[in-house]
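Okay, so here's the structure we're looking at.
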Amino acid sequence: MEFNFQDNVMYVKGVGPNRAKALAKLNIFTMYDLLTHYPRSYEDQRSITPIAHAKIDEQGIFVGKLSHINLRETYRLKIISAILTDDSGSIQVIWFNQEYLMKKLSTGTRIMVIGKVKFDTYNGGLAINQINSFAILEPGEKITLGIKPVYPSTAAINQSVFRTAIKNLLDKMPPVKEILPDSIIKKSNLISLDTAMRQIHFPDNEESLKLARRRLAFDELFLIQCGLMLIKRQNTVEKLGITCKKNGALVKKVFDSLPFKLTDDQLKTFETVAQDMEKNLPMRRLIQGDVGSGKTVVAMLALVKAVENGYQGALMAPTEILAVQHYNNFVKMLGEFGIRIGLLSAKVTRSKKLKQEVYEKIAEGNFDIVIGTHALIQDEVKFKNLGLIITDEQHRFGVAQRAELGRKSEIVPDMIVMTATPIPRTMILTVYGDLEVSLIKQMPPGRKPIKTFVRTIRQRKKVYEFVREEILKGRQAYIVCPLIERSESETLNYIDPATEIYEMLRKGIFKDIPCALIHGKINPAEKDEIMAQFHDDKIKLLVSTTVIEVGVDVPNASVMVIENAERFGLSQLHQLRGRVGRGSEKSYCILVSNSKQGAAAARLDLMESTTDGFTLAEEDLKLRGPGQFFGESQHGLPDLKVANVFRDIDTLLEARNAAENFITTESDLNYFAEMRKNLALAYGDKFSQINQA
């Protein structure tokens with residue numbers, strides 16, 4: 001029978017139907033899944049430690065026979081102790097809360113245990129009581145020394161089962177076929193894929209493991225780069241886009257009517273966008289700029305340019321609040337020029353009659369610019385002549401949603417994606433590898449830096465007194481909480497939900513101040529009304545969850561208090577902080593937390609010391625880990641099983657260069673077809689949008 005990597009994992013010797021069910025919980029269904037279930041770490045089992053050589057606070061590998069096995073119970077623990085003896089001496093072994101082992105251990109049982117040696121104060125003497133792993137050895141079983149893999153596992157599948165199953169798979173399978181061209185393998189000095197697959201599981205030595213890791217990391221990064229570049233090739237080389245004329249009278253009129261002067265970064269970015277739109281290749285551009293840097297003005301000018309050339313434009317925002325804000329601003333700034341603005345959001349779609357009217361106007365071309373939420377990508381929405389698509393807060397949308405909006409047009413539209421979340425260099429090279437990048441770093445004149453302070457729960461009274469002083473000066477303030485209300489799981493934790501904070505404040509220190517509460521469970525119409533009143537300065541203090549993270553522009557708000565700030569990531573704290581400091585007054589962000597040490601405290605200290613969004617984003621990616629690479633959320637790279645974009649930055653750059661050279665110079669379209677198969681095998685439907693060239 002011919003070997004097939006896509007065969008069910010149950011057919012691997014040592015697995016079977018029952019263990020296959022357990023492996024399914026780890027998303028291991030096929031032999032390929034098992035082969036690419038790489039070790040999370042390794043144990044150096046190349047030499048056994050004689051018990052007589054055991055030293056306190058040092059780890060060792062001990063092999064011997066058990067005796068004097070005993071189970072005792074304390075108030076909170078069930079402790080198994082036994083004496084392990086080899087030819088050199090004896091030592092105590094201790095297991096905590098694993099009483100099921102009493103059925104497996106007996107006098108004379110031979111085991112191998114890997115763990116750290118400590119002094120046992122209960123019995124006196126040395127004991128192995130920090131056990132990393134242990135195995136019960138069969139009578140006469142020979143011990144295979146070496147570097148042993150440690151796999152991500154479940155209680156139902158121990159390390160021994162994993163090692164045995166993968167060893168059996170490696171013994172049975174034929175040599176793994178290469179997926180990289182020979183020229184790239186030679187130029188990058190890579191070991192063979194087959195060798196790498198085998199050495200990553202059972203390395204001969206540290207050097208073999210290093211070479212295996214490098215090869216597999218290179219392959220992952222190369223495939224991803226090829227995928228992004230194939231998307232880019234398909235969108236910008238294999239298809240013709242619209243071609244706009246040079247900026248005309250309408251663009252000039254709107255530009256001249258702006259009530260402020262654009263920064264150099266804004267001007268440069270719009271000039272670049274305009275040049276892109278004047279080419280016959282579809283524009284694919286990412287505009288990133290910190291909170292308040294003025295990306296939306298550039299987007300508006302680009303939409304006006306599209307309208308001037310006879311095309312419709314669409315702006316997709318992640319929340320209704322932000323969509324309505326964009327709509328109101330666009331109507332105010334563009335209405336006098338006869339540009340027809342439409343709004344398509346949840347509020348509109350709740351009315352069947354109003355929704356149908358908006359759909360008809362979009363389809364008939366009676367709206368020049370349509371602003372909306374995810375409602376824009378519904379099947380019923382048809383554009384007459386969609387020429388430019390802009391998605392705001394790009395980190396909230398995935399590739400699939402972006403592509404879905406692009407399919408709303410009979411022609412290939414230009415596309416801009418914007419984000420206020422500063423993106424680290426490594427992410428620019430990976431997640432957004434199919435896009436050209438523009439950066440707006442300068443802040444508009446008049447904006448003052450936001451002063452950030454970390455305060456403890458005990459200082460909360462003084463914090464609220466300071467907020468009250470600012471409000472009495474005529475300012476407004478936010479108080480942001482991580483939860484809407486307390487759940488059963490949170491009753492023992494010191495987490496202050498928005499509902500409780502709101503009730504405490506409106507009845508206490510702010511009882512004479514107009515206050516309001518807003519969160520995701522509030523009726524959308526009520527939410528809109530609250531935001532309108534806050535914008536109009538009728539509400540002075542807004543208690544909220546992160547629903548106000550994006551899209552609220554209230555220049556009069558000068559104070560942001562974030563409760564239980566340790567519950568938020570750096571990027572989210574930075575986004576929230578950006579809601580203040582939008583006017584000419586001094587602004588403050590106060591992070592309330594009792595975290596005094598560890599990663600949480602380090603995050604807050606960093607927030608206090610810098611307002612550089614790029615520094616914060618880089619640290620956030622390191623501390624909190626990534627999200628799905630090509631999935632609905634694009635916060636990072638969990639699909640990378642071996643590569644690490646921080647540790648392997650040199651490999652990333654090398655793989656990117658190799659992919660770029662390959663995609664732009666390779667003329668064999670059959671190889672492109674094979675590459676798509678490899679991408680599909682490695683990343684599933686995440687590359688389904690890459691059609692045959």
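Structure values in brief
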| quantity | calculated |
| --- | --- |
| Nearest-0.05 FRET efficiency for Glu380 and Asp204, computed from C-beta distance (R0 51 Å) | 0.25 |
| Residue-count net charge about Lys13 - beta-carbon cut-off 12 Å; Lys, Arg +1, Asp, Glu -1 | +2 |
| For region 1-156, alpha-carbon Rg and Dmax in angstrom | 18.4, 60 |
| Carbon and sulfur %, accessible surface of region 1-97 computed with the full protein complex present, 1.4 Å | 49 percent |
| Size of region 72-212 as Cα extents on the principal axes (Å, biggest first) | 64, 34, 27 |
| 11 Å beta-carbon shell around Thr109, net charge (K/R +1, D/E -1) | +2 |
| Protection proxy ranking, peptides 571-583, 590-602, average beta carbon neighbours within 10 Å, highest first | 571-583, 590-602 |
| Cβ crowding within 10 Å averaged over residues, with 141-149, 555-563 ranked highest first | 555-563, 141-149 |
| Rg and Dmax [Cα atoms of region 463-622; Å; Rg one decimal, Dmax integer] | 15.3, 44 |
| Cβ-Cβ FRET estimate between Val437 and Gln45, R0 fixed at 45 Å, reported to 0.05 | 0.45 |
| Whole-angstrom Cα spans of region 495-557 along principal axes, big to small | 28, 23, 19 |
| Reachable lysines from Lys361, criterion Cα separation under 16 angstrom, eight or more residues apart if same chain | Lys352, Lys353, Lys382, Lys384, Lys408 |
| Nitroxide proxy distance, nm - points 7 Å out along Cα→Cβ at Asn366 and Lys246 | 3.7 nm |
| Two-site label geometry, His53 and Asn4: point separation in nm, points 7 Å out along Cα→Cβ | 5.1 nm |
| Two-decimal Rg/Rh across region 245-337, once Rg and the Kirkwood Rh are taken from alpha-carbon atoms | 0.93 |
| Radius 14 Å from Cβ of Gln275, net charge of other residues (Lys, Arg +1; Asp, Glu -1) | +2 |
| Separation in nanometres of the label points that stand 7 Å from Cα toward Cβ, at Asp87 and Tyr100 | 3.6 nm |
| Normalised alpha carbon radius of gyration of region 320-367 [divisor 2.2 N^0.38 Å] | 1.17 |
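The values are calculated or read from the model by the stated rules, or taken from the named source; none is laboratory data. Here the structure is a predicted model, which is why all the values come from computation and not from measurement. A quick note on method: Cβ atoms are made from the backbone with ideal geometry, for glycine too, and the neighbour counts reach across all protein chains shown. Ligands, DNA and RNA are stripped out before the accessible areas are found, and what is left, the full protein with its side chains, is counted by its heavy atoms. Shrake-Rupley method; radii C 1.70, N 1.55, O 1.52, S 1.80 Å.
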